[in-house]
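What follows is calculated from the coordinates using simple rules that are stated; it is not laboratory data. Because the structure is a prediction, the values reported are computed rather than measured. All Cβ positions, even for glycine, are placed from backbone atoms using ideal geometry, and neighbour counts span all protein chains on display.
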Amino acid sequence: MNRSLSACFVAIFIGAMTPAIAADEYPKVFKCSFERGNSWSYDAGEFTSVSPAKLAFEISAIDLEKQSATLVMDGKTSGKFSVIRALNANHYLEVAIEGFLNLTTVYDFDPKTKSHPAVHSRHFGLIGQPVFAQYIGFCTPNSNP
């Protein structure tokens with residue numbers, strides 16, 4: 001077995017030994033902030049890239065047992081999430097009204113940053129042209145839902 005494959009098995013084994021956070025101990029609300037990212041669009045046979053504007057929102061009413069949560073933007077409920085649980089992360093999938101997808105992955109708490117590293121991806125279209133973006137940032141538990 002080669003070294004990289006061995007390292008992968010060790011990482012999986014160690015990850016499997018890390019106890020998952022119990023659903024009743026998991027935060028019910030996250031405030032998420034994404035300061036950096038990239039956005040691409042496709043037009044006239046070419047992809048172009050730009051830096052998107054900063055993004056912030058809340059994931060609230062998190063219910064891991066029912067695999068559901070709510071998207072809150074600017075203090076208003078603006079969507080629903082399906083929650084997909086994973087080892088050391090939870091994925092929040094939003095199917096927008098038009099059928100486009102937004103996915104936010106919130107990883108386990110990082111004691112160094114005192115927050116949860118997160119990635120947010122958007123896949124949509126604008127006037128018939130594909131547009132997609134990916135952001136990196138952090139989500140912090142909010143104890144005042």
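Overview of results
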| quantity | calculated |
| --- | --- |
| Debye log10 I(q)/I(0) for the stretch 21-141, one point scatterer per Cα, at q = 0.13, 0.18, 0.23 Å⁻¹ | -0.53, -0.95, -1.40 |
| Which of H91, L55, I127, positive extreme of dipole for the stretch 21-141 (C-beta unit charges) | L55 |
